[in-house]
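For reference, the structure discussed in these notes is given below.
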Amino acid sequence: MVLKLEFGAILVSATHNPGKAKEIAELLDGKFEVVTAGALGLPEPEEVEQTFVGNAVLKARAAADASGKVAIADDSGLSVMALGGDPGVLSARWAETAGGRDFDYAMDRVEKAVIKTGLADRSARFHSALAVAWPHGAVVAVEGTVDGMLVFPGRGTNGFGYDPIFQPLGYGQTFGEMDPMAKHAISHRAVAFEKLKAALF
Ligand code: ITT
C-alpha cells in the first residue's frame, strides 16, 4: 500500500484544542478540506500513553476509525530540563483547575517547580508528535522539537498554552510575542509538519 495523501482530500483534524486546531489548519495551508473532530461530534479519547508519539497515534486512530476518514492528530507539550522533562506528556493536565484549563496557573506551576529545584538551568524543549491514520488501516507518525529557554514572567499574548514563557534559542522574543508566521517558521509543530510532508504529500 502506498501511503500518500492527495491534495483536496478530506482530513479530520483530531484535536479539541482551538489554538492547536488553528495552527494545524495554517500549516496544512488550505491543501485539504479539514473537518474538525469537534464538528463531527467525535469523542475525545483518554490519553493513556507515556510518549508524545504514542498519544498522537492513539488520537489519530480513534478519530479515523470513528469517522471513516483519514485523520491527523498532534500530541505535544513542554519538557523542562530542570524538571526531568516535566510537564511533558502531562502539559495539558498541569493546566487543569476546577474551572477548566488555566495556562496562567500552569505556567506559574512550572515557575514554582523550577525555583524549587534550586537549579539555574532554564532550558526547555517543545515537542510535537503528528500522526496520520487511515480508518482501520495504517498510521504514520513523526516528531518535531524546538529548543529554548524559559522566561519568567511570561511575555506576549499570541499563540496559546505555554507560549509566553518559551523563548526559542537564537531569538529575542517568546512564542507569545512572535508573529504566528514567525512561530510557524521554526516551531516544533512546523518541524514535524515538514517531516510529515516529506513522508506523505
Ligand atoms: P488535543 O489532545 O485535543 O489535541 P490538548 O490540548 O489536550 O488537545 P495535548 O494533550 O497534546 O493537547 O496537550 C499539550 C498541551 O501542551 C497543550 O494543551 C498546550 O497547552 C501545550 N502546547 C502544545 N503545543 C504548544 C505550543 O505550540 N505552544 C504552547 N503550548 C503548547
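Just so it is clear, none of the values below were taken in a lab; they were calculated from the coordinates. This structure is a prediction, so every number in the text was calculated from the model and none was measured. Note that we place each Cβ from the backbone using ideal geometry, even for glycine, and neighbour counts take in every protein chain shown.
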Inset, instruction - Could you work out how far the C-alpha centroid of region 15-31 sits from that of region 77-103, in angstrom? - result: 21 Å
Inset, instruction - List every residue whose amide H lies under 5 Å from the amide H of residue 146, counting only residues 5 or more places away in sequence or on a different chain, with H placed 1.01 Å from N in the peptide plane. - result: 126, 188
Inset, instruction - Give me the aspartates and glutamates in straight-line cross-link reach of residue 31: C-alpha distance below 20 Å, same-chain residues under 8 apart excluded. - result: 6, 23, 74, 194
Legend entry - Simple spin-label estimate for residue 121 and residue 29 in nanometres, 7 Å along Cα-Cβ: 3.7 nm
Legend entry - Karplus-derived HN-Hα couplings along region 149-159 (A = 6.51, B = -1.76, C = 1.60, θ = phi - 60°), whole Hz, x at Gly and Pro: 10, 7, 10, 10, x, x, 9, x, 10, 7, x
Inset, instruction - Calculate the spin-label point distance for residue 9 paired with residue 200, positioning each point 7 Å from the Cα along the beta-carbon direction, and give it in nanometres. - result: 0.8 nm
Legend entry - residue 112-residue 147 pseudo-label distance in nm [points 7 Å out on the Cα-to-Cβ vector]: 3.1 nm
Inset, instruction - Would you mind checking 69/195; 20/69; 112/195; 69/112 for any pair whose Cα atoms are more than 32 angstrom apart? - result: 112/195; 69/112
Inset, instruction - Taking every Cα atom in the chain, find the radius of gyration and the maximum pairwise distance Dmax, and write them in Å. - result: 16.8, 53
Inset, instruction - Calculate the dipole size of the chain relative to its Cα centre from +1 charges on Lys and Arg beta carbons and -1 charges on Asp and Glu beta carbons; express the result in debye to the nearest 20. - result: 180 debye
Inset, instruction - Find how many whole Å separate the alpha carbon centroid of region 48-67 from the alpha carbon centroid of region 123-181. - result: 19 Å
Inset, instruction - Write down the Kirkwood hydrodynamic radius of region 1-83, to one decimal in angstroms, obtained as one divided by the mean of 1/r over all alpha carbon pairs. - result: 13.5 Å
